[in-house]
Amino acid sequence: MLSYSQRSTLCTNPTAKQLLYLMDSKQTNLCLAADVTTKAELLQLADQIGPEICVLKTHIDIVDDFDNDLIIQLQRLAEKHNFLIFEDRKFADIGSTVQKQYQNGIYHIADWAHITNAHSVAGPGIITGLKEIGLPKGRGLLLLAEMSPKGALTDASYAQKTVAMAEANTDFVIGFITQRKLSDNPCFINMTPGVKISQGGDDLGQQYNTPEKAISAGADVIIVGRGIIAASDPVAEAKKYRAEGWAQYVAKLSKS
Ligand code: S5P
């Protein structure tokens with residue numbers, strides 16, 4: 001098994017390179033899903049938990065009081081604490097439409113999100129459309145190959161077809177949202193949501209695995225939301241997830 005930084009040297013996409021490099025240098029494979037609905041809460045999480053993470057994942061359209069200053073401040077915090085910003089937009093339309101959704105509207109996602117993601121259900125045109133906007137800016141795209149909730153339609157055949165779409169676009173596609181490793185290409189980064197130290201789920205179908213299970217199944221980055229943000233001490237909890245995620249990576253590396 002290659003280390004994150006060894007993989008970094010093999011990749012051409014600048015965001016993939018930067019992320020893999022920073023994971024090893026900062027010693028974290030934790031992504032925080034900062035699913036909060038006010039600007040103040042989002043900035044507080046980014047500042048307090050920023051030192052523990054490699055990626056801050058946003059759902060920018062759930063912030064009630066969104067304004068451009070939020071983006072400026074998030075970018076400052078990303079610099080200060082050395083993390084990348086991943087807007088979890090889950091694009092799912094035809095190429096022509098997603099280009100506008102990525103570039104225009106009130107969020108201008110392509111201008112600030114190092115990483116975004118798309119469903120593969122719409123076919124390869126969605127990647128081409130997003131790539132025309134994102135690649136000149138050095139951005140990276142994750143494809144949703146496999147979703148975490150109960151009853152998700154993303155079966156093995158869907159996931160494999162998604163991998164094939166990624167293989168045809170290795171300049172821009174930097175990996176997958178997935179529950180397991182799907183490809184041997186070292187430049188694809190597997191990000192796994194549905195992670196919590198206490199397994200189980202929520203009452204809307206979400207299913208959780210422990211960091212240990214997620215990483216042994218192939219996660220490079222564990223995405224944790226409520227496991228951290230709903231805890232009584234989110235910073236202490238983030239440190240726990242960071243330590244656990246890193247220990248599992250180091251153990252896996254030393255076994256190989
Ligand atoms: O299949 C998926 C894909 C994603 S990106 N399942 C998910 O849960 N997510 C996202 O991960 C979801 O949108 C949320 O932001 C996060 C999980 O949050 P948690 O609070 O359940 O850890």
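The values are calculated or read from the model by the stated rules, or taken from the named source; none is laboratory data. Here the structure is a predicted model, which is why all the values come from computation and not from measurement. Backbone-built Cβ (ideal geometry, glycine too); neighbour counts: all protein chains shown. For accessibility, only protein heavy atoms count, side chains too; no ligands or nucleic acids. Shrake-Rupley method; radii C 1.70, N 1.55, O 1.52, S 1.80 Å.
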Could you list, in sequence order, the residues of the range 151-170 that are open to solvent by 40 Å² or more (accessible area, probe 1.4 Å), farther than 18 Å from LYS181 by Cβ and in contact (Cβ under 8 Å) with a residue 24 or more places away in the chain? GLY151, ALA168
With respect to ILE94, is the statement that it is within 29 Å of ALA122 (Cα to Cα), touching a Ser or Thr at 6+ places or on another chain (Cβ under 9 Å) and surrounded by fewer than 16 Cβ atoms within 10 Å (Cβ to Cβ) true? no
Hits in the range 69-85 - residues which are open to solvent by 60 Å² or more (accessible area, probe 1.4 Å) and either in contact with a Ser or Thr (Cβ under 9 Å, 6 or more places away or on another chain) or within 17 Å of TYR102 (Cβ to Cβ) (or both): ASN82
Assess whether SER148 counts as being modelled with pLDDT under 95, part of a loop (DSSP other than H, G, I, E, B) and open to solvent by 10 Å² or more (accessible area, probe 1.4 Å). no
Which pairs turn up if I take residues in the range 42-62 that are closer than 21 Å to GLN101 by Cβ and look for partners that are within 15 Å of the ligand (Cβ to nearest atom) and open to solvent by 50 Å² or more (accessible area, probe 1.4 Å) with beta carbon separation below 6 Å, at least 6 apart in sequence or on another chain? HIS59/ASP35; ILE62/THR37
